[in-house]
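For reference, the structure discussed in these notes is given below.
The values are calculated or read from the model by the stated rules, or taken from the named source; none is laboratory data. The structure presented is a predicted model; accordingly, all values stated were derived computationally and were not measured. Cβ atoms come from the backbone with ideal geometry, glycine included; neighbour counts cover every protein chain shown. Only protein heavy atoms, including side chains, enter the accessible area calculation; ligands, DNA and RNA are left aside. Shrake-Rupley method; radii C 1.70, N 1.55, O 1.52, S 1.80 Å.
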Amino acid sequence: QVQLTESGGGCGQAGGSVNLSCIVSGPTEGRFDMGWWRQAPGKEREFVAAINWDAGRTYYADSVQGRATISRDIAKNTVSLQVTNLKPEDTAVYYCIEDGKNGRDWGKGTLVTVSS
């Protein structure tokens, strides 16, 4: 079964940036999109960004529009997320996801904490 492993979370300052990475242990066959979701304490999990694996089309939530960049490395089978100008409300557990013909797979998450 596919495994998604996130890294890059930690403590950051407001106005700073974070770079998250997701390593996928599995094939790309049947993959549609890769992306990131996040869940803040006491809140519902929400969409952050996604990228179509083949065409590279990107999508962003309004909350990070203009501050986030999602990218993928086809050769390395990885996906990354950079968020700049961090805000305290960016504090959340960030999850890497894969959408494919067999549904959605989730990573275990990496915590990003933004101090003000």
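Name, by its number, the condition in (1) touching a helix residue (DSSP H, G or I) at 6+ places or on another chain (Cβ under 9 Å); (2) in a loop (DSSP other than H, G, I, E, B); (3) touching a residue at least 40 places away in the same chain (Cβ under 8 Å) that does not hold for SER63. So SER63 meets the others, but not (3).
Restricting attention to the stretch 1-27 and to residues that are touching a strand residue (DSSP E or B) at 6+ places or on another chain (Cβ under 6 Å) and among the hydroxyl-bearing types (Ser, Thr, Tyr), the residue that is surrounded by the most Cβ atoms within 10 Å (Cβ to Cβ) turns out to be SER21. If I filter the stretch 28-41 for residues that are modelled with pLDDT of 95 or more, assigned to a loop (DSSP other than H, G, I, E, B), small (Gly, Ala, Ser) and open to solvent by 70 Å² or more (accessible area, probe 1.4 Å), do I get at least one hit? No, that holds for no residue. Kindly establish whether ARG57 is touching a Phe, Trp or Tyr at 6+ places or on another chain (Cβ under 6 Å) and either under 23 Å from GLY103 (Cβ atoms) or surrounded by fewer than 15 Cβ atoms within 10 Å (Cβ to Cβ) (or both). So ARG57 does not fit the description; no. Filtered by the rule that a residue be among the hydrophobic types (A, V, I, L, M, F, W, C) and touching an Asp or Glu at 6+ places or on another chain (Cβ under 9 Å), the stretch 94-116 gives CYS96, ILE97, TRP106, VAL112, VAL114. Report yes if GLN65 is open to solvent by 50 Å² or more (accessible area, probe 1.4 Å), more than 25 Å from GLN3 (Cβ to Cβ) and within 15 Å of the chain's Cα centre (by Cα), otherwise no. Judged against the criteria, GLN65 is a match. Using the structure shown, decide if VAL48 is assigned to a loop (DSSP other than H, G, I, E, B), touching a residue at least 12 places away in the same chain (Cβ under 8 Å) and of a type in the set (Val, Ile, Thr). When the stated conditions are applied, VAL48 does not pass them.
Restricting attention to the stretch 68-90, the residues being open to solvent by 30 Å² or more (accessible area, probe 1.4 Å) and either closer than 13 Å to VAL24 by Cβ or touching a Pro at 6+ places or on another chain (Cβ under 8 Å) (or both) number 6. Tell me yes or no: at least one residue of the stretch 92-112 is open to solvent by 30 Å² or more (accessible area, probe 1.4 Å), among the acidic types (Asp, Glu) and either more than 15 Å from LEU4 (Cα to Cα) or out of contact with any strand residue (DSSP E or B) (no Cβ under 6 Å at 6 or more places or on another chain) (or both). No, the stretch 92-112 has no match at all. When the stretch 73-101 is filtered for residues that are assigned to a loop (DSSP other than H, G, I, E, B) and within 15 Å of ALA55 (Cα to Cα), the ones remaining, listed by number, are ILE74, ALA75, ASN77.
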